[in-house]
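Structure first, then comments.
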Amino acid sequence: MKKIILTILLAALTFPTFAGVKVIVHPSNDSNFDKRTIEKFFLGKKKIFSNGAKAVLLTLPDSSKTTEEFNSSLLGKDTKQLKAYWSKLVFTGKATPPREMASEEQMVEFISDNPNTIGFVSSDSPTNGVKVIAEF
Amino acid sequence: MKRIMKAGLTLATSFMSVLCFSETAIQGYGSFKVGVGNKDASFSRGIYGEDWGAKQESAFGLQFQSDINERTTATFQVLAEGDEVSDEFATEFNWAYFDYIASDAISVAVGRIVLPLFYYSDFINVGYAYTTVVPPRSVYRLSIYNSAEGVSVKTSNFVGDYFLTSNWFVTRWQGSENDYANTNGVQVALNGDSFSVFGTYSYVDNISFQIEALNQTASSLQTTYGLTDEQVSDLLIDEDYARFLGTGFNIDYQDIIVNFEVSQTIIEDSARLDETAWYLMGGYRIDNILPYVMYETTENDPDGKDFSSWGALEQVGQTVADRQEVSYSAYSLGFRWDFSQGMALKFQHTIYSDIIDIQNSFGSDGDEETFSESLVSIDAVF
């Protein structure tokens, strides 16, 4: 039995798996979303939902695995590249950078209370009170 | 260091009340730069002397952005910059404006806005946003006038997968001595996933700019040769027409970075020579370290000036214009190291050669000078 547990542990360490990312909005948000549209929002190239409301972007701490996965999978940039990218936009007000949430629980809670927000959590995170618009 | 802390403290306490607004987004940046030259030189593009110097190019800023309503934001940025003359950090409003987002395609900004003349214009004080220690001095010589009062209309559209933006602006910059009356223009940029190309055209209806050495020369020639007031005006930058052209491209593909930019400045009816400057920078990202090389050059065109209307004194006018020449080329080698989240350490060594800077008595045709400079910076965003 010890050998089996050890093998499982080693396998888990050797091949770390990641659950993936869910992009979430308020349940009342009936805008159209596809992967490219979400990417435009999080690169500051789009600011208004198709329902006419101004989008408020939310993110998780830079140290979060979910942030890392979101940045690399969807935006094609690592965290430091993205920070330099946003620093080119922010200081002339070309775009407002994502507001940082302390945890995935806070992200879900904040979005469920604020209709114009868009954010992301890991795929295994509970998403009660919000709408999942994409998962990858 | 005390002065930096003092500057930071002044900024913090001055705007403590703003910090109380929970919906106000606050972003900050800081660039602390030091440098040393291989000699004390009068070269107009050499900032540092034989002893290590700091502050001249250091800058610390805080930006406050608040939603007035769903479509309108108020933004202002306070900048503390090193002042070479007073040896203090001078604090000023870098820009402050209202921005109305009409749609995803159009927004309008009114107030003290950025002049989008260069690729770096939007983030010129934010060292963390670019690769080199300082923006290339050849092209960025004019960047001291980076903001002005006025209106800008920005458009953005997708053309297929490409993001097409334009920024139309009407501004005026007015100081106690210098005046850029009506600086108007447009910058258009096309952005792909890993590249961008842009072009800028702008003009100033009435530019007045005091250059002490030129003023003294004109005054002295008026006495010696009896120049008319009109001829003196042909030499000085006083209510003249100026135009600026700029274009370039930027590539950030996988680990390769290439930046190219060229600009041309023409001030009509003055002794100031037409100037063309460009740079090409290439870098390769190796994990957190980005080594780079850069070549840059500035050239003047004495043939662009015409003093034939001066008759017998034509050569006098042309000689004054020729004395305005500032030309050189420079190679830089450097690296950027992203050593911590939101922080970068940069080093750059630049060798300037073939320097002709006649007005500052540093190099002339046939007797060109050389100069080298080492620069170090720590840049952060927070």
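If you fit an axis through the alpha-carbon atoms of helix B:212-225 and take the longest principal axis of the Cα set of chain B, what angle between them do you get, 0 to 90°, nearest 10?
Computed tilt is about 20 degrees.
Work out the FRET efficiency for A:E100 and A:E39 from their Cβ-Cβ distance, taking R0 = 25 Å, and round it to the nearest 0.05. Don't skip to the answer; put the middle values down first.
Numbers: r = 19 Å, r/R0 = 0.77.
For R0 = 25 Å, the calculated efficiency reads 0.85.
Sticking with the crude label model, points 7 Å out along Cα→Cβ, report the distance from B:E92 to B:W337 in nm, one decimal please.
For B:E92 paired with B:W337, the spin-label model returns 3.5 nm.
Sort A:R99, B:R323, B:R272 by Cβ crowding within 10 Å, fewest neighbours at the top.
Working: A:R99 13, B:R323 16, B:R272 24.
Exposure proxy ranking, most exposed first: A:R99, B:R323, B:R272.
What FRET efficiency would be calculated for the residue pair B:D301, B:Y145, taking the C-beta separation as r and a Förster radius of 25 Å, to the nearest 0.05? Before the final figure, lay out each step's value.
Details: r = 22 Å, r/R0 = 0.88.
After rounding to 0.05, the efficiency reads 0.70.
FRET efficiency for B:R172 and B:L313, Cβ-Cβ distance as r, R0 = 41 Å, nearest 0.05? Present the calculation step by step, with values, prior to reporting the outcome.
Numbers: r = 35 Å, r/R0 = 0.85.
Working from the Cβ atoms, E equals 0.75.
What ³J(HN,Hα) values, in whole Hz, does the Karplus curve 6.51 cos²θ - 1.76 cosθ + 1.60 give for region B:24-33 when θ = phi - 60°, with x put for Gly and Pro?
8, 7, 10, 10, x, 8, x, 9, 10, 10
How would A:M107, B:M294, B:M343 line up from fewest to most surrounding beta-carbon atoms within 10 angstrom?
Details: A:M107 24, B:M294 21, B:M343 17.
The fewest-first ordering by Cβ neighbours comes to B:M343, B:M294, A:M107.
If you count, for every residue in B:91-102, the Cβ atoms of partner chains within 10 Å of its Cβ, what is the mean?
Details: counts 0, 0, 0, 2, 3, 0, 2, 1, 3, 0, 3, 1.
Averaged over the peptide's residues, the number is 1.
Mind ordering A:22-29, B:194-201 by average Cβ neighbours within 10 Å, highest first? Working shown, then result.
Details: A:22-29: 19.6, B:194-201: 16.9.
Order by mean packing, descending: A:22-29, B:194-201.
Quote to one decimal, in nm, the extra length available between B:F158 and B:Y201 on full extension: 0.36 nm per residue of separation minus the C-alpha distance between them.
On the way: separation 43, 0.36 × 43 = 15.48 nm, distance 2.22 nm.
Answer, rounded to one decimal: 13.3 nm.
Please list, in chain and number order, the residues 5+ apart from A:T117 or on another chain whose amide H is under 5 Å from its amide H, with Hs placed from the backbone.
Residues meeting the criterion, in which the H sits 1.01 Å from N, are A:H26, A:V56.
Report the local net charge at B:Y140: Lys and Arg +1, Asp and Glu -1, summed over other residues whose C-beta lies under 12 Å from its C-beta.
Numbers: positive: B:R45, B:R137, B:R141; negative: B:E57, B:E261, B:E296.
Net local charge, B:Y140 excluded: 0.
Put a dot 7 Å past each Cα toward the Cβ at B:R71 and B:Y284; how far apart are the dots in nm?
5.1
Work out the mean other chain Cβ neighbour count within 10 Å for the residues of A:42-48 and drop it here as an integer. Intermediate values should be presented prior to the final figure.
Details: counts 0, 3, 2, 6, 4, 6, 7.
The per-residue average across the peptide is 4.
Gain in length, B:N38 to B:I106, computed as 0.36 nm per residue apart minus the alpha-carbon separation, to one decimal in nm? List each step's numbers first, then the result.
Numbers: separation 68, 0.36 × 68 = 24.48 nm, distance 4.96 nm.
So the chain would gain 19.5 nm between B:N38 and B:I106.
For the residues A:F136, B:F339, what sequence is obtained by ranking on other C-beta atoms within 10 Å, fewest first?
Values: A:F136 14, B:F339 11.
Taking fewest neighbouring Cβ atoms as first place, the list is B:F339, A:F136.
State, as an integer percentage, the relative contact order of region A:19-135 based on alpha-carbon contacts under 8 Å between residues 6 or more apart. Walk me through the intermediate numbers first.
Values: 192 pairs, mean separation 56.6, N = 117.
Worked out over region A:19-135, it gives 48 percent.
Modelled label-to-label distance, B:F260 and B:F347, 7 Å Cα→beta-carbon offset: nm?
Distance between the two pseudo-spin positions: 3.0 nm.
Dipole size in debye (nearest 20) for chain B around its Cα centre, Lys and Arg Cβ +1, Asp and Glu Cβ -1? Could you put the intermediate results ahead of the total?
On the way: 20 positive and 54 negative charges, 297 e Å.
With only Lys, Arg, Asp and Glu charged at Cβ, the dipole is about 1420 debye.
In debye, nearest 20: dipole of the protein assembly as shown around its Cα centre with unit charges on the Cβ of K, R (+) and D, E (-)?
Numbers: 38 positive and 68 negative charges, 596 e Å.
Charge dipole of the protein assembly as shown: 2860 debye, to the nearest 20.
Of the listed pairs A:K46/A:K94; A:K54/A:K77; A:K40/A:K88, which have alpha-carbon separations greater than 22 Å here? Working shown, then result.
Numbers: A:K46/A:K94 11 Å; A:K54/A:K77 25 Å; A:K40/A:K88 16 Å.
Pairs exceeding 22 Å: A:K54/A:K77.
So what is the 222 nm mean residue ellipticity for chain B from helices alone, if each DSSP H run of at least 4 adds -39500 (n - 2.57) and you divide by all residues, rounding to the nearest 500 deg cm²/dmol?
-3500 deg cm²/dmol
Count the net charge of all other residues whose Cβ sits under 12 Å from the Cβ of B:T72, scoring Lys and Arg as +1 and Asp and Glu as -1.
Details: positive: A:K54, B:R71; negative: B:D67, B:E70, B:D99.
Summing Lys and Arg as +1 and Asp and Glu as -1 gives -1.
Bear in mind these aren't lab numbers, they're just calculated from the coordinates by the rules spelled out. Computed from a prediction, not measured in an experiment: that's the story for all the values here. Glycine also receives a Cβ, built like all others from the backbone with ideal geometry; neighbour counts cover every protein chain displayed.
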